[in-house]
Amino acid sequence: MDPTQRRVFRDLILRLATDEVRVLMSTHDVADLAEEADDVTVLTEGTITFTGATRDFLAHAPADTPEGRRAEAAYTNVSTGRTLSR
């Protein structure tokens with residue numbers, strides 16, 4: 001999607017999600033997670049390697065990761081089984 005269509009889609013998802021309605025989004029673009037998702041589940045080769053709050057998922061990124069790349073770094077660490085010492 002181009003940037004305009006992406007914003008329209010994300011706004012639609014936010015309007016649909018309420019206390020009564022849950023929206024399940026499957027994406028390969030993990031950058032969307034930081035803004036849109038309350039919870040994240042990562043499947044790696046059919047196995048759940050993480051499930052929990054988005055903030056807990058993003059905590060898997062190294063501390064020096066630039067803000068715009070935290071979701072990518074967290075995904076890499078979670079999907080490869082890397083653990084971080086904090």
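Computed from the coordinates by the stated procedures, all read-outs in this text should not be read as laboratory data. Treat the numbers as computed from the prediction; the structure is a model and nothing was measured.
Observations
- Per-selection Rg to Rh, the chain - Cα, Kirkwood hydrodynamic radius: 0.99
- Cα-based helix-to-principal-axis angle, 70-80 vs the chain, degrees rounded to 10: 60 degrees
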